[in-house]
Every structure is written in structure tokens, then in C-alpha cells.
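Colleague: Pasting a structure below so you can have a look.
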Amino acid sequence: MANSPFALLRFRVYFLGGWLAWALLHSAVLYWFNLSYETAILDSLMSNALLGAACWFISSNLQYYRPGQARLLYFGIWCLLLSGVWLLVLQWLLPLVIETEPSYEQFLNKSLPVRFGIGFLTIGWMVMLSVLWYSQQDQKQSEQRQADAEKLAREAELFKLHQQLQPHFLFNSLNSVNALIGSRPQEARRMVLQLSDFLRGTLKREEHQWVSLNEELEHLRLYLEIEKVRFGHRLSTEIDAEPECGPLRLPPMLLQPLVENAIKFGLYDTTDGVTIRIEARCRAEMLEISVQNPYDPQTAVPRQGTGFGLSGVQRRLYLLFARTDLLQTHADNAIYTTLVKIPQLL
Amino acid sequence: MKTILIDDEPLARSLVREYLEAFPHIQIVEECNDGFEGLKAVTQHQPDLIFLDVQMPKINGFEMLELLDQPPAVIFTTAFDEFAIKAFEAHAIDYLLKPFSQERFNKAVEKWQQQKDQAELIKNTQALLQTASTAPDRQDRIVVKIGTKIRIIPEPDILFLEADDDYIKVYTPDGAFLKSKTMSYFENSLDPKKFIRVHRSYMLQIGQITRIEPYEKDSHVAILKNGAKVPVSRSGYAKLKQVLGL
């Protein structure tokens, strides 16, 4: 919501200054029309106090509601209404307070149309200023919102790129290649080619294009081959997919974080050989993939919910299917299992 | 001159081994796959220099260094992003960002050779450990040594910490363990959402509190799930109230 202009001290000072000048002018005019100056000042103070209150009221009111359509009509009605009420109150109140001059009541009645005009214009002027002020505030806010949204989008994009490239994996792999060049150039060459295929596959994947399980598993195999070169004898993998699941489709790069997580968890939590098991089964209109890794129940920090690294997958599944039950994890017998279910949309 | 290579990737070690051929007077006395092996080897051989990876099984490079009474000179070999390494840039002899060249490697070793003053080196390594706690990776566990055994205390098992001279006593359901660190170290390294320093000498895990009772004038005592009582100072109580939203 926009800030009221009266929230700023500067504007309160302007408003008060303007009001004083206006009240002074008002009493000067009355004095000119041969009223005593006490009467002139009293009249001016009361009329302008009420007018000021009306201005403040309409300005605050506009802070909460400004119509989108028929604005002129809306504002016009408010101005008429307020100046009418203001005039009625004046007509009743002023003679009660000012009793000194007998001719005053007559003068008041004669001056009512002029007063009405001035009140209407003053309130109208306040409405205009307020509307200008609030639209400017709205615009500023929407610009800010837009800038924020763009910044967020940029950050998300950068984060995605960073994720896709997986610098840690990439640099460690390059380091392995560097080591192989000296001792086993043939293997170095093979690893460079695998790495290129993997990176190309990663870059090719688009957010909105689903891929078949076969394609995704092929991509994962490349990744696992590279990891096996890095970790040598410690890492072995088993992929077991029912052949009829092969053509089923899934969102791209959904399995990758699960497997990465399993490798990280498996390799960094134990010191022995690690077998990562990937299984794919198809149930009624559902593709089920499980990823298993061993862990050490003695030292593993029991992970709440779905654990680290998996929250992104969870979120993605929710955005795609509006379901939170598609990613499950459980640990038993020193084996940690992550199970992901992908509904097959037809 | 003795050195030990500690890295969980065999190829990464073989690269360092290859590069080290340019320095025939430096002998590799052992190669280790993880921090446990590293710890044992360093204690046994007392090397002059170690090449250490950061991300390793069980305990990482920093945790391993923490457990050494007399850490040797260290050259880190890591694929960590540069920003992460900034934190300890000033103190390690050098760090080699994987992949690195023979020239870059030589520079690091020469730098070490030029730093003759060993006392200076050890001071550097210790300063490094202090700053390592401010690295972006927060700790979710504490690694302690009991005799020759290493124990990893995961975050949920940490009940509270008590300062005791130059040591911190880490209280767990299985008893208390000593760690030569300061309170402010743990204030930096443990998750501030879960751990709060409630007293000059005490820090506790918020989730372990069952109730807080007044205790003498101006102070309180927090009673944990296992019945332990932890003193809470006046400012600690104010912090607790804020965190618990009282």
C-alpha cells in the first residue's frame, strides 16, 4: 500500500503552511467586507479548520481506495458531498459561536454560494494532489517489484547454470584427465570424450522437454563412468531397469541430483567400496525409480525430511504434479533408498 | 624431507606423485584415502609437509587438521570454488585449485621451501584452522579424538557445550568429550538457528531445552531433555526469549 503524503514531516509542514496562508487570506477578505477582525479571524479559523479536516479525510480515504474506472465521477461526487457537508456544518456552527454582529448571519447566508465554490475547489485540489501522489507511489512500487522479480529471475538462471555445470565435478574430472595424460593417454582421451558427451547432453536438455527413461539412463551412465574413473575401485554401479519402462518419459535432469546425492553420501560417509543401485519399475501409469547407496549408521547425521540436495527435486515434483508424496526416502540396514515416482501424463 | 598425500581420488594422488618427481629430496612416505588414514599416517611419520584434499570420506581435511596436536605444513589441493578458499587463503602455505599445472605446483613447493621458519609455519596452520570455521560450509558435527579413536558427534547429539580452561566440553547422551577450541569458534561454526550461547561459558542446543526456571537473583537455568541443567545469564536469557519468541 502506498504511503500517505502526511507520513512525511516535509508534507505536514507544507500542508500546515498552506493552510495558514489560506486562513490568513480568508480573514483578510472578510475584513475587507467590513467585518470586525475578531469575527473575520474566528470565521476563518473555524471554516478552514473544518476544510482542512475534510482535505485530510479525503486524502487518507484515497490512500485505501482509488477506483479504476469512472474516476472523475467518483472524485466529483466526493468533492460535492464533502463541500456540502462542510457548508451545512458552517451554516449551523458559525452563528452559534459568532453572536457579536447582528448583520453577520445575513452576510453568512449571502456568502454561502461563494464558500461552497471555494470549498469545492479546495477539496478538489486536494483530491488531485493526492491522486497524483498515490499513482506516483504505485508506479514506484511496481517498478521496484519488477526490478526485484528480474533480479530473482537472473539469480535463478545463474544458479541453474551453475548447477548444470557442476563445477566441483567438472574440475575434479579435469584433474583426473590431467593425471591420466601422463600415465595412460588412451584413457585420458576416452575420459575427455565421455566428459564432452556428458556436458553436451546436459546443455541440450531443456526444462520443458521430457525425455525417455532410456535417454536419461544413458546420460546417467556417462556420468557414472566418469565418476568411476575418479574414484577408481571404490565405486561400482548397478542399473536395473525393466525393459518395458524404457520408453516412459520423465522430466530431464530429475534423476541426476538423486544419483549425485547417493554418490556423495555413499562415498563420503564410508571408506569402503560403494555400490550405487538404480532400479526402474513401471506400475499403473507410474514410473518408479529408486536409487540406493550404503551409509554408515554410526556417523551419518540423521537427515530430516528428504535430506540435503533433495529439496530441489521435491520442489520440482511439486511444481510439475502438485503432489508432495512423489519423493520418499528411507534408511535401513545401512542402505539409504531414495524413491521417486513419476506419473505418466498422457 | 617427508611428505604424505591425502586425497580420496587415486588419480589426483598420482598426479601429485608425478609432479613431485621434480623434487627428488621430497619423499612420499604414505598415501592416504581419507582423513582417518591421514591422521594415523601423520601421527606416525611426522611429515614436514602434507598435500591435503578438503572433501574426503568421513572427516574432511579441516577436521583432520583440527585433530592433530602438531599440524605439519599444509598445501591444499582442492576443486573448491575460489570464494570458499578465500577464507583460508591468507594462512595456508598455498592451495592448488584442481586441475593445476606442474609450474603452479612447483611454485607452491618452492614457497614452502623458502619458508624456513618452521614455527612460523605451524602458527600459520593454526591460524588457518581458526579462519576455516568462517568458511561458508557450516559444521553439522564435531569431530573429537579419544586416545587414538576418532568420534564423530552429529549435530542432534550435541546437548550443550561448556568452556573449561583452554578446552570445550562437548556434552552428548554418551558423555562429555574435550575439544581444544574456544566458545567463539563454535559460535561461528555451529548453526546459529539451533545453538545459542546462553552464558559466558555455556552454549546449548535450543531443541534440547524442556524448560527454563529462575535461579537465584537475575539468572536462570535451562533444563534439558536428559535432565542436565545449564546456567543461563541475564543476557543469555534475553537471547533465549527472543529466539523462542516469548
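The numbers here are math on the coordinates, done by the rules we state, and not lab data. Here the structure is a predicted model, which is why all the values come from computation and not from measurement. Every residue, glycine as well, gets a Cβ built from its backbone with ideal geometry; the counts of neighbours run over all protein chains shown.
Colleague: Which Cys residues of the protein assembly as shown have no other Cys beta carbon under 4.7 Å away?
Modeller: So far as the 4.7 Å Cβ criterion goes, A:CYS55, A:CYS79, B:CYS32 stand without a partner in the protein assembly as shown.
Colleague: Considering only DSSP beta bridges where both residues belong to chain B, give the percentage that are antiparallel (nearest 5).
Modeller: About 65 percent, rounded to the nearest 5.
Colleague: Anything over 27 Å Cα to Cα? Flag those among B:LYS194/B:LYS229; B:LYS111/B:LYS149; B:LYS58/B:LYS241, in the order listed.
Modeller: Violating the 27 Å Cα-Cα cut-off are B:LYS111/B:LYS149; B:LYS58/B:LYS241.
Colleague: Continuing with this model, one more query. For chain A, return all DSSP H helices satisfying: extent of Cα atoms along own axis at least 30 Å; mean Kyte-Doolittle hydropathy at least 0.0.
Modeller: Membrane-span-like by this rule: A:9-32, A:37-64, A:71-97.
Colleague: Can you sort A:ARG323, B:ARG13 so the residue with the fewest Cβ neighbours within 10 Å comes first?
Modeller: Lowest count first: A:ARG323, B:ARG13.
Colleague: Report, in deg cm²/dmol and to the nearest 500, the calculated mean residue ellipticity at 222 nm for chain A, where each DSSP H run with n ≥ 4 adds -39500 (n - 2.57) and the sum is divided by the residue count.
Modeller: Result for chain A: -23000 deg cm²/dmol, rounded to the nearest 500.
Colleague: Moving on to the next point. With each pseudo-label sitting 7 Å past Cα toward Cβ, what's the B:VAL29-A:LEU24 distance in nm, one decimal?
Modeller: Taking the simple label geometry, B:VAL29 and A:LEU24 are separated by 9.4 nm.
Colleague: I've got another one for you. Give me the net charge for the shell around B:ALA12: Cβ to Cβ below 14 angstrom, other residues only, Lys and Arg +1, Asp and Glu -1.
Modeller: -3
Colleague: In the neighborhood of B:ALA176, defined by Cβ-to-Cβ distances under 15 Å, what is the net charge if each Lys or Arg adds +1 and each Asp or Glu adds -1?
Modeller: Taking every other residue near B:ALA176 into account, the sum is +1.
Colleague: A further question follows. So, in Å, what gap is there between the alpha-carbon centers of the stretch B:170-232 and the stretch A:20-40?
Modeller: Using only Cα atoms, the two centres lie 74 Å from each other.
Colleague: Run the simple label-point estimate for A:ILE335 and A:LYS228 please: 7 Å along Cα→C-beta, distance reported in nm.
Modeller: 2.0
Colleague: Straight-line reach only, C-alpha to C-alpha below 13 angstrom: list the aspartates and glutamates that B:LYS145 could link to, leaving out same-chain residues fewer than 8 apart.
Modeller: B:LYS145 reaches B:GLU63, B:GLU66, B:ASP69.
Colleague: Here's another thing I want to ask about it. Relative contact order (percent) for chain A, with alpha-carbon contacts under 8 angstrom and 6 or more residues of separation?
Modeller: So the answer I get is 11 percent.
Colleague: Here's another thing I want to ask about it. May I ask what percent, to the nearest 5, of DSSP beta bridges between residues of the protein assembly as shown are antiparallel?
Modeller: Here the antiparallel bridges make up roughly 70 percent for the protein assembly as shown.
Colleague: Here is a follow-up. Roughly how tilted is helix B:10-20, in degrees to the nearest 10 and between 0 and 90, from the longest Cα axis of chain B?
Modeller: In chain B, helix B:10-20 runs at an angle near 50 degrees to the longest axis.
Colleague: Moving on. How high is the FRET efficiency between B:GLU21 and B:GLN44 when r is their beta carbon distance and R₀ equals 25 Å, given to the nearest 0.05?
Modeller: The pair B:GLU21/B:GLN44 has a calculated efficiency of 0.55.
Colleague: What ratio of Cα Rg to 2.2 N^0.38 Å holds for the protein assembly as shown?
Modeller: Rounded to two decimals, the normalised Rg is 1.49.
Colleague: Over the alpha-carbon set of chain A, work out the extent along each principal axis and list the three values in angstrom, largest first.
Modeller: 114, 49, 40
Colleague: Between A:ASP325 and A:LEU88, take the C-beta separation as r, use R0 = 60 Å, and let me know the FRET efficiency to the nearest 0.05.
Modeller: Computed FRET efficiency for A:ASP325 and A:LEU88: 0.35.
Colleague: Along the charge dipole of chain A, which of A:PHE33, A:ASN261, A:TYR318 sits closest to the positive end, that is, farthest toward it, with unit charges on the beta carbon of Lys, Arg, Asp and Glu (+1, +1, -1, -1)?
Modeller: A:PHE33
Colleague: Residues with beta-carbon under 14 Å from that of B:LEU67, excluding B:LEU67: net charge, scoring Lys, Arg +1 and Asp, Glu -1?
Modeller: Its environment carries a net charge of +3.
Colleague: Name the residue farthest towards the positive end of the dipole of chain B from the options B:CYS32, B:LEU246, B:ALA79, assuming +1 on Cβ of Lys and Arg, -1 on Cβ of Asp and Glu, about the Cα centre.
Modeller: In chain B, that residue is B:LEU246.
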